[in-house]
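Quick notes on the structure that follows.
The values are calculated or read from the model by the stated rules, or taken from the named source; none is laboratory data. Everything numeric here is computed off the predicted structure, so don't read it as measured data. Neighbour counts run over all protein chains shown; Cβ positions are idealised from the backbone, glycine included.
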Amino acid sequence: MSFPWAKPYEPKHPLMKWMDEKLPIPRLVYNATGPGYPVPRNLNYFWNFGVLAGAALMIQIITGIVLAMHYAANTGVAFNSVEHIMRDVNAGWFIRYAHMNGASMFFIVVYLHIFRGLYYGSYKAPREMVWLLGVVIFLLMMATAFMGYVLPWGQMSFWGAQVITGFFSAIPLVGEPVRQWLLGGFVPDNATLNRFFSLHYLLPFVILGVIILHIWALHIPGSNNPTGIEVKDEQDTVPFHPYYTAKDGFGLGVFLLVFVALTFFSPNMLGHADNYIPANSLSTPAHIVPEWYFLPFYAILKAFTFNFLWIDAKLWGVIAMFASIALLFFLPWLDSSPVKSSTYRPLYRIFFWVLVADVLLLGWCGMQPAEQPWVILSQLGAIYYFAHFLVILPIVSRIERPLPMPNSITEAVLAKHAPDAASGPAAA
Amino acid sequence: MVRPLGFLVGLGFITALVLAIFTTPLKNEPNVAYSFVKHPRHVKLASDGLVPHWDKAQLQRGMQVYKEVCSACHSLNLVAFRNIQDLGYTEGQVKTFAKGFQVPSVNPDTGEVATRDGLPSDHFPAPYANDVAARAANNNAIPPDLSLITKAREGGKDYIYSLLTGYQNPPANLPAELKPGTGLHYNPYFPNLNLAMAKPLADGQVTYADGTKASVDQMAKDVTAFLVWTAEPKLVKRVQVGWAVFFFLLIFTVLAYLSYRNIWADKMH
Amino acid sequence: MASESELNAGIEDGVRRRDFINIAAVSFAGVGAVAVVLPLVNQMNPSADVLALSTTEIDISAIQPGQAIKTSWRKQPVFVRNLVEKEIAEAKAVPLSDLRDPQTIDERTKPGKENWLITLGVCTHLGCVPLGAAEGENKGDFGGYFCPCHGSHYDTAARIRKGPAPTNLVVPPYEFTSDTVVTIG
């Protein structure tokens, strides 16, 4: 791409030459994830999660297509069709549990991917577009996951759909009509289930499309790295293949081990017992909780309990919940520090770890009933969340004095291996 | 522009939250019922853990308890007679067992509603024709379908076992408003403390063919084991396949690690 | 500035050690991928509940000689035909060498029950349902069944005599559980 020393694609076989002239897909792959893409040589294991997220999406698409061959999107039979998959379809239990836990694995790696970006400043120039597209992917994932959870038509499916579409009824004037339009009725029903199934099948392919844009945008400046210093010359980089394909292969193995342990040994650990009860519009489960990956946002929603100004508490909660994600779009401009990596940002690093703890706290609070001390903890957690991005980050990026930085990636690598600068090359 | 605007928006949210903190009472409404609800007691079954197997004798006893006791009120819609071959019955035994049930059908000559002998492909017939009938016969409480019950309740098998063995007289200090009303029965393992189902099991209620003594505890364990099977007939297979996949992946991961080290051996990073 | 050799220490003449490790890892990945494909393919096979619907009982007491009924087994049509003497004689009169798929009528019925011809009502050409089982339908040139899709003619033993079908109508596995009840499957 933009690196002059990138290895050029030179097809040798006549067939590959022919292909290159007609439809240069091999060239595209070579330059995107092959030897033709130079990558900083110092990436750590946190750079595995992008590829793993892609793998998780592929697992979801493949298992999902298979499940759709047996699932029936009709309120009368949806629940039983899922049980039919679990009991009668050949290997159906495996495919369904893989899809169910694959969603969780997808979110786990994407959250790690996002926090890696936050820690190492991957959202900053020249990679703002990569970040923006990433936030779009995250939003699409949340929509897809939510609609997927409705499909088994259990109690949590139904009441999840009821509560989430209820957010829209908080909008003044048009809220209720918008909600009815989303549901195609007054409560989640057959129309809702059918449209959710249709969109749940569609959106993953939209995600796939945005991922291609995400990677495209990434390849223009090239990958960030743990020092946050841009690549200067050839010795700062290694070709993606074989170096990072090998590393990603190992990462994929570890990812699959966790995935397999979850799917085969404890497939319902992250689910809810209530979703094994068929949907019943006349009886609400005692304790409605969203899937774990929504819990921090759910806690923010519940934290607003006061009608402030002319906006009531419910609308505050809904606005704040959407804002908590939407503010990520502005992050590249909220943080004005030219230094990317937290390694050289002593002050920001502290707040980063407070944010990690804060999101975990919010997640824990999201799971709890609306009782003290969980209410006040989620209120404090939400205060920090907004303060972190909208108040602390802009100030820190002004007042912070970064630590001395190496001149190049190569210098950082050499310094790591030879703390005593006088000694020669360290044995690798 | 982004930063000043963001600052104002942030201040708005923070103000709303600070006001919310000061207007939310810090003390919870006391909930007396909580203090009487008991945590489910653990029951150990052969299908537990990472090396599970089906105790077929126990599953057969459990099915007998279901058939002779539970099935009077509770359906088992998702289980077909053919499935009980998993419990160690032969194809012939399954056929005979299925024949012992009458399943809903249509008279081929008149088209009227009728019943016929069960076939292995039929599912366990439900005790009531519909929810209205179930509600009417049970003091307005529909007995839930039991097929998935051990997966559909918080606490799973432990909860089912505890509930079946947990009936007792209400404690003396139970507030009057928590005392069981007419048609309700006190059980501290039930989240609402009082449930419509009367104590279903009594010592010696069934006679086991294998000579096991039919105590309440034994029957509760057996039927719980059976309901773990009905909820997930593929459970044992799932864990067994899981180990094979896990070890395969473990070897792959080690090889992938060595390969990664090998490829990077010449690159300082 | 570091030289290239400093950064890329530990390698001589560009030959990698232990290349077999890489090959082993890639091979394992390949085997794993194939192993995952198996259940993804197998899921399309008939599921357990479909396989369980494999037997059907038919009461044949009401079928008069010369008549036939159409019933179903595994959701496929089944023809049960009560042959008359003349039809059996016709079928026996055909020399086997004239048949595309040589079979005697005795091979296609049960001993002692030669008048009961039970076949699938699925043309062996491309799967249409042949005519001839119901009263008044075209029985074709040989008095058995006639498939209207592409013009296959079957004789009174449901053997292919004319037209594109390659083989006789299939006789499903069945047995007489009594004189009047047949269990198919």
Item to complete: Look at A:LEU282 and say whether it is more than 22 Å from the chain's Cα centre (by Cα), over 30 Å from B:LEU50 (Cβ atoms) and part of a loop (DSSP other than H, G, I, E, B).
Response: yes
Discussion item. Here is a check on your reading of the model: is B:ALA225 in a loop (DSSP other than H, G, I, E, B), away from chain A (no Cβ under 14 Å) and either within 13 Å of the chain's Cα centre (by Cα) or at pLDDT below 95 (or both)?
Written reply: no
Discussion item. If I filter the range A:6-25 for residues that are in contact with a Phe, Trp or Tyr (Cβ under 9 Å, 6 or more places away or on another chain), among the β-branched types (Val, Ile, Thr) and either within 27 Å of A:VAL206 (Cα to Cα) or modelled with pLDDT under 95 (or both), do I get at least one hit?
Written reply: no
Item to complete: Mind listing whichever residues of the range A:119-132 are assigned to a helix (DSSP H, G or I) and surrounded by 20 or more Cβ atoms within 10 Å (Cβ to Cβ)?
Response: A:TYR119, A:VAL130, A:TRP131
Item to complete: Return the only residue of A:ALA6, A:ALA73 being away from chain C (no Cβ under 12 Å), within 23 Å of A:MET147 (Cα to Cα) and part of a loop (DSSP other than H, G, I, E, B).
Response: A:ALA73
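Among residues belonging to the range A:76-97 that are part of a loop (DSSP other than H, G, I, E, B) and more than 7 Å from every other protein chain (Cβ to nearest Cβ), point out the one that is nearest to B:PHE81 (Cα to Cα).
Applying the filter and picking the extreme gives A:VAL77.
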Worksheet item: For the range A:375-400, which residues satisfy the criterion of being within 7 Å of chain B (Cβ to nearest Cβ) and in contact with a Lys or Arg (Cβ under 7 Å, 6 or more places away or on another chain)?
Response: A:PRO394
Discussion item. Looking at the structure I just gave you, is B:SER105 hydroxyl-bearing (Ser, Thr, Tyr), more than 25 Å from B:MET197 (Cα to Cα) and within 14 Å of chain A (Cβ to nearest Cβ)?
Written reply: no
Worksheet item: Out of all the residues in the range B:19-48, which are farther than 15 Å from B:GLY156 by Cα and exposed (fewer than 13 other Cβ atoms within 10 Å of the Cβ)?
Response: B:PHE22, B:THR23, B:PRO25, B:LEU26, B:LYS27, B:GLU29, B:PRO30, B:ASN31, B:VAL32, B:TYR34, B:SER35
Worksheet item: Which of (1) over 24 Å from the mean Cα position of the chain (by Cα); (2) at pLDDT 90 or above; (3) surrounded by fewer than 16 Cβ atoms within 10 Å (Cβ to Cβ) does C:GLU4 not meet, given it meets every other one?
Response: (2)
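Every residue, every condition in (1) more than 8 Å from chain A (Cβ to nearest Cβ); (2) within 20 Å of the chain's Cα centre (by Cα); (3) modelled with pLDDT under 95; (4) farther than 30 Å from B:ALA256 by Cβ, yes or no:
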site	(1), (2), (3), (4)
C:ILE23	yes, no, yes, no
C:SER27	yes, no, yes, no
C:ALA35	yes, no, yes, no
C:SER47	no, yes, yes, yes
C:THR55	yes, yes, yes, yes
C:ILE58	yes, no, yes, yes
C:SER61	yes, no, yes, yes
C:PRO65	yes, no, yes, yes
Practice prompt. Quickly run through the range C:53-93 and pick out the residues that are aliphatic (A, V, I, L, M) and free of Cβ contacts under 8 Å to residues at least 12 places away in the same chain.
Written response: C:ALA62, C:ALA89, C:ALA93
Practice prompt. Please identify the pairs in which a residue from the range A:356-371 that is under 17 Å from B:ALA20 (Cβ atoms) and within 13 Å of chain B (Cβ to nearest Cβ) has its Cβ atom under 8 Å from the Cβ atom of a residue that is surrounded by fewer than 16 Cβ atoms within 10 Å (Cβ to Cβ) and among the polar types (S, T, N, Q), counting only partners at least 6 apart or on another chain.
Written response: A:GLU371/B:ASN28
Worksheet item: Among (1) loosely packed, with under 14 Cβ neighbours inside 10 Å; (2) not in a helix (DSSP H, G or I); (3) not hydrophobic (A, V, I, L, M, F, W, C), which single condition is A:LYS17 missing?
Response: (2)
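One line per residue, one yes/no per condition, for (1) out of contact with any helix residue (DSSP H, G or I) (no Cβ under 8 Å at 6 or more places or on another chain); (2) within 30 Å of A:SER81 (Cα to Cα):
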site: A:THR192; (1), (2): no, yes
site: A:ARG195; (1), (2): yes, yes
site: A:LEU208; (1), (2): no, yes
site: A:TRP216; (1), (2): yes, no
site: A:HIS219; (1), (2): no, no
site: A:SER223; (1), (2): no, no
site: A:GLN235; (1), (2): no, no
site: A:PRO239; (1), (2): yes, no
site: A:PHE259; (1), (2): no, yes
Item to complete: Scan B:PRO188, B:PRO170, B:PRO127, B:PRO108 and give me the residue that is touching a strand residue (DSSP E or B) at 6+ places or on another chain (Cβ under 7 Å) and either touching a residue at least 40 places away in the same chain (Cβ under 8 Å) or at negative phi (or both).
Response: B:PRO170
Practice prompt. Give the number of residues within the range B:21-56 that are part of a helix (DSSP H, G or I), in contact with a Leu (Cβ under 9 Å, 6 or more places away or on another chain) and of a type in the set (Gly, Ala, Ser).
Written response: 1
Worksheet item: Does A:VAL238 qualify as being within 14 Å of chain B (Cβ to nearest Cβ) and in a strand (DSSP E or B)?
Response: yes
Worksheet item: Here are some residues: A:VAL339, A:VAL356. Which one is at pLDDT 90 or above and closer than 30 Å to A:VAL163 by Cα?
Response: A:VAL356
Worksheet item: What are the residues in the range A:272-296 that are of a type in the set (Val, Ile, Thr), more than 10 Å from chain B (Cβ to nearest Cβ) and crowded, with 20+ Cβ neighbours inside 10 Å, if any?
Response: none
Practice prompt. For the range A:215-255, name all the residues that are in contact with a Phe, Trp or Tyr (Cβ under 8 Å, 6 or more places away or on another chain), closer than 14 Å to A:LEU52 by Cβ and hydrophobic (A, V, I, L, M, F, W, C).
Written response: A:PHE250
